[in-house]
Amino acid sequence: MIPKSIAFHHFGCKVNFAEASALSRQFQEKGFEIKDFHHPADVYVISTCVVTTVAEKKCRAAIRQAHKINPNARIAVIGCFSELKPGELSQMEGVDLVLGHTGKFGLLEEITRLYQPVGVPKAESDDHDYHGGVAHPAKAGRDAFIPSFSYGDRTRSFLKIQDGCDYYCTYCTIPLARGRSRSDTIENAVKSARELIANDIREIVLTGVNIGDFGKTTGESFIGLIRALDAVEGMNRIRISSIEPDLLTNDIIEFVAASEHFLPHFHLPLQSGCNKILKAMHRKYDRELYTSRVQKIRQLIPGACIAADVIVGFPGETDEDFTDTCEFLEKLEISYMHVFTYSKRDNTLAAKMDTPVPDKVKKERSKALHKLSDHKKQQFYLQNMGREVKVLFESDNSQGFMHGFTENYIRVKTEYQQEYVNQLIHGKLTNLDADGIYQIASLRLRGKK
C-alpha cells in the first residue's frame, strides 16, 4: 500500500516544533495529505521530548493513541526520547520506526523505505542539500547544524538558529540528546528570514537550545546575527526566545531597545533564586548577575515583558532555600514565570544526589510559585492598561473571538474578522476580562508596519 496521508504530533520546545513543521512540509511537497493527529492517517509521526518524566509519559500515550486510531498505520517516533531510549520505544506496540536527533531528518527516506516491496532497491536520494526548511539528511552528522523553520500553520514562524548545548547543567539531558552546541551562519539565517518574509510571515521567533551561544562554531556572534536580521528588507517583527542570562549582554539589550523590529520581550531562565542551588545546578551565573540583567532591561525598556523559568524541588533544596527563592522573586521586576517541578533524569549528576525533595513538598512549592506568577502577570497586565499597542492576530475563531499578542507579549482578543488574520492591528488596551485577556475594540489596520 502506498501511503497517502500523514499526521504529526510534537512535544517539547519551539525547536522541536520548527523541526517537525519543516519535516511536515517535506511530506506535503511529495503529495502527502497532512492530517490532524487525532484523525485516521496512514502514517503517524511523534516528535518527542525528554525534559521531564511527564513529557516521556505524554509521548508514550501519543503512541498508544495513534495505534488505537489506526492499528494498521505506520508509527515513527523521532527526537530526543528516541535518541536516549530507542530500545524502550521500539518495543512499544505499533512502533515501526525510531529515529534519534540526527536520524529524524532522514524521515522521508525512511518512511519511503518502509513501504518499498521486498527486493526493490532503495531509491536514491536527491541532490538537494536544503529543502522543505531542513538540510538534506545525507549530509548531516552528529555535530552538524541542520536548519529548520516553521510556516504555513501560524502567523509566527519559529526559526531555528542554534542547536545543542555545552552547559551540562546537573539536571538536564538535552546535551546528551542533542549533542554539542553548534549554529547556523548569519548568511543562512538571513536567507531563511527572507524566505519567511516572502511567504507573508509577520513575526519571526529566534529559537534554539542555547541561542546566546550562536556563532560559537562559526566565528560569528548573536549580536552580529540580530544586527543582520534587523536590516533585512520587509522585516516586521522579531522575537527572541529563551536566552541564558550570562549570554544576554548589555549590547544585546541596548540593540533591542533601539530596534524597530526586535520586540520588547525577554525570556531569561533563572531556575532558582538561591545561589546555593544555582551552584549545585552548575548554572553559570548567580542571582546578582540575573538581577543586573533584569534591571538593565527595565532601565532601557520599562514596558518589556520579562519571563523566567524556575525549577522547584531540586535535590538538596531546603525550606530555607525555597524561601530564599520566593523572597528573591517577589522583589524581582519580572512579568511572570514558567514553573517546573524537578524531574530525575537518568545519566545526570543530579540523579546521583542523595538528598531528594519529597513529592508532596515539590507540589506545595510549585503551587506557591504558580500563585506568585499569576499575581505578577496580573500586575504586569494592569500596568499596561491604556497603552496603544500593535497586535498580530492569529486565525483562530473561538466562540466568535480571535486572539493575538502585543509587542510585549500581552494576549488580547477581539471579535473575529477575517481581514485581521495575520495583520498588525493598532488598538488600545482598555478592558481586561475575567480570564485575564485584554478585549480591545476600535482597531485600526495600518499595513504591515
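Values quoted throughout were computed directly from the atomic coordinates according to the rules given, and no laboratory measurement underlies them. Everything numeric here is computed off the predicted structure, so don't read it as measured data. Here Cβ is always computed from backbone atoms with ideal geometry, including for glycine, and neighbour counts include all displayed protein chains.
Observations, loosely collected:
- Cα gyration tensor category, rounded, prolate or oblate, for the stretch 13-94 with a/c compared to 1.5: oblate
- Neighbours of residue 389 by Cβ distance under 12 Å: Lys/Arg scored +1, Asp/Glu scored -1, total +3.
- Backbone amide hydrogens, once placed in the peptide plane, bring residue 311 within less than 5 Å of 271, 272, 340, excluding anything fewer than 5 places away on its chain.
- The HN-Hα couplings worked out from phi for the stretch 340-349 by the Karplus form 6.51 cos²θ - 1.76 cosθ + 1.60 (θ = phi - 60°) are 10, 8, 3, 10, 5, 10, 4, 6, 10, 5 Hz, whole numbers, x standing for Gly and Pro.
- For peptides 194-207, 279-292, 428-441, sequence by mean Cβ density within 10 Å, most packed first: 194-207, 279-292, 428-441
- Length released on extending from residue 194 to residue 326, taking residue separation times 0.36 nm less the Cα-Cα span: 43.2 nm
- The stretch between residue 72 and residue 309 holds 81.2 nm of extra length on full extension. This uses 0.36 nm per residue minus the Cα-Cα distance.
- For residue 431, nonlocal amide neighbours, meaning residues 5 or more places apart or on other chains whose placed amide H falls under 5 Å from its own, are 439.
- From phi via Karplus (6.51, -1.76, 1.60), per-residue ³J(HN,Hα) for the stretch 73-82 in Hz, x at Gly/Pro: 6, 8, 10, 10, 10, 10, x, 5, 4, 5
- The mean sequence separation of alpha-carbon pairs under 8 Å and at least six residues apart, normalised by the residue count of the stretch 5-131, gives a relative contact order of 21 percent.
- Per-pair calculated FRET efficiency, R0 = 51 Å: residue 260 and residue 166 via Cβ, rounded to 0.05: 0.95
- Karplus-based coupling profile of the stretch 34-41, in residue order and whole Hz: 8, 9, 5, 4, 8, 10, x, 8, with θ = phi - 60° in 6.51 cos²θ - 1.76 cosθ + 1.60 and x standing for Gly or Pro.
- Here the dipole of the chain is about 520 debye; that uses its Cα centre as origin and unit charges on the Cβ of Lys and Arg (positive) and Asp and Glu (negative).
- Within the chain, helix-based [θ] at 222 nm, where runs of 4 or more DSSP H residues each add -39,500 (n - 2.57), nearest 500: -10000 deg cm²/dmol
- Contact order relative to length of the chain, as percent, for alpha carbon pairs under 8 angstrom and 6 or more apart: 10 percent
- Under 5 Å from the amide H of residue 306 lie the amide H atoms of 266, 335, 336, each residue being 5 or more positions distant or on a separate chain, with H modelled from the backbone and absent for Pro and chain starts.
- Cα gyration tensor category, rounded, prolate or oblate, for the stretch 267-383 with a/c compared to 1.5: prolate
- 12 Å beta-carbon shell around residue 249, net charge (K/R +1, D/E -1): -2
- Ordering of 179-190, 381-392 by burial proxy (mean other Cβ atoms within 10 Å per residue, highest first): 179-190, 381-392
- In this calculation the C-beta distance from residue 421 to residue 359 is compared with R0 = 56 Å, giving a FRET efficiency of 0.80.
- Placing unit charges on each Cβ (+1 for Lys and Arg, -1 for Asp and Glu) gives the chain a dipole about its Cα centre, and among 412, 214, 265 the Cα reaching farthest toward its positive end belongs to 412.
- Annotation: extensible slack from residue 246 through residue 379 equals 45.2 nm (criterion: 0.36 nm per residue apart, minus Cα-Cα distance).
- Ranked packing of 164-176, 306-318, most packed first, by mean Cβ within 10 Å: 306-318, 164-176
- Listed pairs 57/377; 284/344; 367/428; 14/68; 276/362 exceeding 26 Å between Cα atoms: 57/377; 367/428; 14/68
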